Amino acid sequence: MDDPGLVLLGERMKPRTLVNVGGTLLIAGSFWGLLFAPAEVFMGEVYRIFYIHVPTAWNGLLLLTAAFVCAVMYLLKGDLLWDDRLEASMEAGVVLSALLTIQGSIWARPTWGVWWNWDPRLTTTAILVFAFAGILALRQSLKEPRRRAMVSAVATIVAAADVPLVYFSVRFWNSLHQIQSSPATVSAAFVWPLRVNAIAVLLLMAGLIQMRAETIARLREAGSAPPPIDVPETEGAAR
Amino acid sequence: MIAFRALILKDLRILARRRGGFLSAFALGAIIMLMSSLSGEATPQSLGQRGAAAFWMGLFLGSTLFLSDSFETEQKEGGQRALILLGASPTAFFYSKALVNFFGLFVVGLLLTPISAALFGVGPSLGGGALILALGTLSLAAPGTLFTAIVSESDKRHLLLPVMMFPLVVPVLITVVQSTLLLTFGDPMGQGVAWHAILLIFAMLHWLLDGALYSKAVD
Amino acid sequence: MNGVIEGGWEYVIAVYVLSALVYALYTYSVLKRDKASRPLSGEKKS
């Protein structure tokens, strides 16, 4: 029975529709930002990376947060569907966060003059990628679904709890040695292509995660289903 | 309390038998420090700064060897399951193992200290060094014990443990290296207290959170 | 130096091409695995 309180856009739209709409919007928003948005005062044309980098960042971190929520929900409810969603969110979150780190590195080169900087945000993101990739690797070596779910949930909660400590320790360390850079205030001319891309990536990922969670559930159920009973072909064959 | 004491004695006995774990951790730590001492300028300032980082990296990487087999005895004989079925609290099991692991890692750190002093020449005072060593290994023991329990069933545990521990210990690594440098070269701006506070917060968070999650992580 | 970065289109193109590749490949990977798993859900033979 449907829970009337759970009528969210992502819950009710078909995954394929979300993927198609999100993908189309992402292409449109990217072209808008690349070709039609004005140049920025200090960063010139290089700032256009912003229209794909920021939506990737927002959604990547949102997905890893969603994985944390799924981990907590699994521990509370014990329903394996939460584990399916955890894996789906974590996988997508790791992909986006890894992409984000590389995007940031390429953007850093013309703006900061270096490929890498020990900025707390960059460092925290890189650490997150390793942490959650490690949990995904751990999952591969655990075959029993409930054991895998429980271990993943515990590891995810511990990794997520570590995030503020990583951020704070790097920020504290960073403040003693480097000047913090801060992003320019976003003016109205830049906001719309940014919003379009942010929503586009959100819809795209919502659709992909739904599909991925369903795939994981199917594979899990197929793996735990009893083998089919075959009728022996020859009479009197011993079982 | 009696049961907890019995668990501690059990773990101390296992630790005493696991001399191989101490040797592996010590050997790896010493090798890392040796390589670090050879890979840069031989000036006292440079050596001193490299020494702090090399000591802690050696200890952390050595600790994964030390920790990765800490559940081996219970795993092999089904001892952990038997103890829990007999009524031992999984939480008590965790804290006993984590305390003994903390003690073991502290001993590994003590064994590495003269090597560090010989290779790098400078270091913190005895009291300050012991305090940082205690805080650092305390911070490492709880998450290390939890993750060791988690990966202990996997045949890839020797790879998985360092991979999973690395992101977790980054704040500890940054903090203990900075604290060690301040204790070695002086702390004119009084930043040491803040670094020690981060270490304490990390240790407290993990000793509480990991203890609460341990019972969920085991059968 | 006036503090303004000049040029830099090669970095912009590099980021967009890389991002397009990653998004496209991940989408393709999810769709492919979804399609491959569908026969498992309904066609059990006994």
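The values are calculated or read from the model by the stated rules, or taken from the named source; none is laboratory data. Predicted model, so just to flag it, every value in this text is computed and none were measured. FYI the Cβ positions are ideal-geometry reconstructions off the backbone, even for glycines, and counts take in every protein chain you see.
A few notes on this one:
- Taken together, A:65, A:125, A:111, A:56 contain a single residue that is over 14 Å from the mean Cα position of the chain (by Cα) and among the polar types (S, T, N, Q), which is A:111.
- Qualifying residue in region B:133-154 (condition: among the aliphatic types (A, V, I, L, M), surrounded by fewer than 17 Cβ atoms within 10 Å (Cβ to Cβ), more than 30 Å from residue B:216 (Cα to Cα) and more than 10 Å from chain A (Cβ to nearest Cβ)): no
- Matching residues, region A:121-132, being within 8 Å of another protein chain (Cβ to nearest Cβ) and not β-branched (Val, Ile, Thr): A:128, A:130, A:131
- All positions within region B:155-172 that are under 26 Å from residue A:164 (Cα atoms) and within 8 Å of another protein chain (Cβ to nearest Cβ): B:160, B:163, B:164, B:166, B:167, B:168, B:170, B:171
- Subset of region B:187-219 that is within 8 Å of another protein chain (Cβ to nearest Cβ) and over 20 Å from the mean Cα position of the chain (by Cα) - its residue that is surrounded by the most Cβ atoms within 10 Å (Cβ to Cβ): B:217
Rundown of residues vs (1) more than 9 Å from every other protein chain (Cβ to nearest Cβ); (2) outside any helix (DSSP H, G or I); (3) in contact with an Asp or Glu (Cβ under 6 Å, 6 or more places away or on another chain); (4) farther than 27 Å from residue B:50 by Cβ, yes/no style:
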position	(1), (2), (3), (4)
B:96	yes, no, yes, yes
B:101	yes, no, no, yes
B:115	yes, no, no, no
B:127	yes, no, no, no
B:179	yes, no, no, no
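- Scanning region C:7-23 for residues that are at negative phi, at the interface with chain A (Cβ under 9 Å from one of its Cβ atoms) and either surrounded by 14 or more Cβ atoms within 10 Å (Cβ to Cβ) or modelled with pLDDT of 95 or more (or both) gives C:11, C:12, C:14, C:15, C:16, C:18, C:19, C:20, C:22, C:23.
- The residue that is nearest to residue B:112 (Cα to Cα), among those in region B:26-45 that are hydroxyl-bearing (Ser, Thr, Tyr) and either touching a Cys at 6+ places or on another chain (Cβ under 7 Å) or not in a helix (DSSP H, G or I) (or both), is B:39.
- Residues located in region A:94-120, provided they are in a helix (DSSP H, G or I) and within 14 Å of chain B (Cβ to nearest Cβ): A:94, A:97, A:98, A:101, A:120
- Of the helices (runs of 4 or more DSSP H) lying entirely inside region A:1-88, those containing at least 1 residues that are modelled with pLDDT of 95 or more are A:15-31, A:50-77.
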